[in-house]
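Remarks on the structure that follows.
Derivation of every value follows stated rules applied to the coordinates shown; laboratory data play no part. Keep in mind that what you see is a predicted model, and the values were worked out from it rather than measured. No Cβ is skipped: glycine too gets one built from the backbone with ideal geometry, and neighbour counts run over all protein chains shown.
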Amino acid sequence: MYGKFGSVECSRQVFDSIDRKDFYSWNLLLGAYARNCCVAEAKAIFDAMPKRNLVSWTTLLDLFAENGLLEEAKIVFEKIPAWDVVAWTSMLVAYAQNGHLEETESLFSSMKEKNLVSWNAMLTSYSAYGNIQRVKDIFDMAPEWDLVSWTAILSAYAQNGHVDSALKIFDTMPVKDTISFTAMLAAYASSGMVDQMVSMFKEMPYWNIVAWNVMLSAYAQHGHMKHAEQIFSLMPERDIISLNGLLCGYARERNFVKAKSLFDSIPSKDLVSWNAMLAAYCYGSQLKFATMFFASMPDRDVVSWNVLLTAFSQHGLLEDARTVLDFVPDQDLASSSVMLAAYGNSGKLEFAKQYFHEMPLRDAACWNSLLAAYTHSGDLVNAKTVFDRLPHRNLISWNAMLSACSSYEELKRLRKPSKSSATHTSSRYIVWLFQKMIMDGLMPDDISFVSILNGYGHEGNVKIGWWYFQRMLPDFFLEPTKQHYTCVIDLLGRAGHLVDAHNLIYSMPFDPDTIDWTSLLGSCSSHKKNEQFGANVAELALELDPTRASPYSLLANFYS
């Protein structure tokens with residue numbers, strides 16, 4: 001009893017008072033030390049035991065595994081006199097918890113007898129590493145399922161952006177708990193499906209701090225800071241994750257005053273807090289103060305270095321960025337990818353190519369940075385070559401290629417990757433990429449649709465462009481943003497549908513800006529229709545920004 005409540009000293013005193021100690025009393029003491037993660041003391045108790053049974057062996061094995069001591073766990077497993085399903089499963093869980101998938105798979109295949117814990121260890125292991133197909137295969141093969149099994153397959157889909165599949169699993173689950181609801185909540189949050197996230201939150205029978213933090217972080221991440229602040233004020237309790245979530249939101253919003261005020265109020269700052277405040281300086285273009293703040297940090301990790309490196313890179317300070325990179329103590333692929341992207345964004349394609357080829361290791365982000373370097377330089381033929389060679393294509397890869405191919409004139413040089421040598425129009429090629437992306441299991445995001453709408457805008461294909469715009473919410477659960485409306489306004493205007501574009505500007509759920517009216521004025525100028533209509537549009541554009549030169553030149557061109 002004392003061991004369960006963290007009092008190993010009292011457990012030891014009770015044990016020492018027992019005259020005739022048996023398996024039960026020895027194992028109770030061993031379990032008390034194990035539950036409180038006292039590894040050395042538990043090992044000493046185990047070694048002092050006059051006799052050991054299977055409970056003794058598996059208790060020590062589990063203790064080593066839970067503390068990352070896999071080699072010690074293997075030694076214990078090999079010394080067990082007789083293995084049963086419990087011993088096998090303990091070793092299986094040890095491999096699974098420490099990410100050794102090959103050993104986990106091999107041991108699982110060798111087990112003559114498997115129990116539900118064994119099957120669940122396999123499910124949770126592959127779920128943690130995002131191997132959805134393997135999770136599904138194991139789930140289908142399992143003779144029975146419990147809540148852990150269902151949660152594992154739900155998490156596999158939810159954490160990898162497969163929201164529809166996750167929802168189907170969630171609706172099928174015979175029993176749901178707070179973890180199930182929170183997994184589904186996080187799936188909606190990470191996919192930007194804010195309305196569905198709110199509905200799921202309201203359905204939850206109980207709100208724990210994890211659920212509150214998911215809501216807070218999701219609002220902050222997607223720029224809904226008023227809602228994030230409201231959630232923060234309603235939370236019955238807060239932890240450092242809550243504080244950091246709000247702080248990251250302020251930093252991302254470039255609200256330096258609120259970020260600094262919140263940072264100063266955090267009683268026990270962790271490294272995430274310091275990194276978020278560093279990001280606030282960098283987002284606010286206060287590079288001098290960011291450098292001073294970086295120097296004052298009590299501790300730094302690779303994220304800290306990468307935040308500073310990214311800031312210099314995004315401001316075109318390549319020499320400073322390279323200096324920071326040379327000082328990074330534990331350079332990772334993220335650091336290399338940032339430097340590579342800096343060269344690409346600055347138009348230094350040759351430097352980017354050389355840096356890429358000198359890298360000893362490359363991940364998807366590095367390949368994506370090289371792809372972006374080619375697209376920023378307008379070299380779409382080589383961009384497509386890099387895209388075809390990518391060892392792994394993620395959503396960033398597809399979006400980079402979609403964005404590059406949304407230019408009609410440059411796209412004429414591209415060919416669909418097939419045996420046919422015929423060229424294709426802009427919209428056909430972009431849609432081919434879009435559909436292929438979905439077939440590869442990736443759901444488009446708002447950036448994908450910007451490229452689709454721009455592609456059709458360049459061709460003036462109103463019917464299909466409008467169709468894709470209308471399918472964003474019902475088919476892909478994406479709420480159109482201001483940028484999407486701007487694309488459609490341009491699409492309608494280029495095709496000569498000036499009244500429709502005008503009506504959309506007034507009906508969209510966003511305040512029109514000078515870009516919208518100037519875009520429509522440009523369309524009026526191109527089509528030379530209705531001088532009074534064009535004059536009215538020019539007046540609206542100039543009301544928002546009288547100093548902007550483009551409306552004047554477009555209006556002059558309209559009357560020429």
What dipole magnitude, in Debye to the nearest 20, does the chain give about its Cα centre under +1 on Lys/Arg Cβ and -1 on Asp/Glu Cβ? 960 debye
Arranged from highest to lowest average of other beta-carbon atoms within 10 Å per residue, in what order do the peptides 30-40, 292-302, 368-378 appear? 368-378, 30-40, 292-302
For Ala311, net neighbour charge (Lys/Arg +1, Asp/Glu -1) across residues whose Cβ lies under 15 Å away: +3
Taking every pair of alpha-carbon atoms in the range 291-389, give the share separated by more than 22 Å as a whole percent. 27 percent
Here are labelled values, (1) -0.21; (2) -0.31; (3) -0.25, and one is the computed log10 I(q)/I(0) by the Debye sum over Cα atoms at q = 0.05 Å⁻¹ for what I pasted. Which one? (2)
Mind ranking 170-183, 265-278 by how tightly packed they are, going by the mean number of other C-beta atoms within 10 angstrom, highest first? 265-278, 170-183
Point-to-point label distance, Lys51-Asp363, nm (Cα→Cβ direction, 7 Å offset): 5.3 nm
May I ask for the angle, rounded to the nearest 10°, between helix 101-110 and the longest principal axis of the chain, with both axes built from Cα atoms and the value confined to 0 to 90°? 50 degrees
Note down the nm distance, to one decimal, between modelled labels 7 Å out along Cα→Cβ at Asp22 and at Val302. 5.4 nm
What distance in nm separates the simple spin-label points at Gln221 and Leu147, each placed 7 Å from Cα in the Cβ direction? 2.5 nm
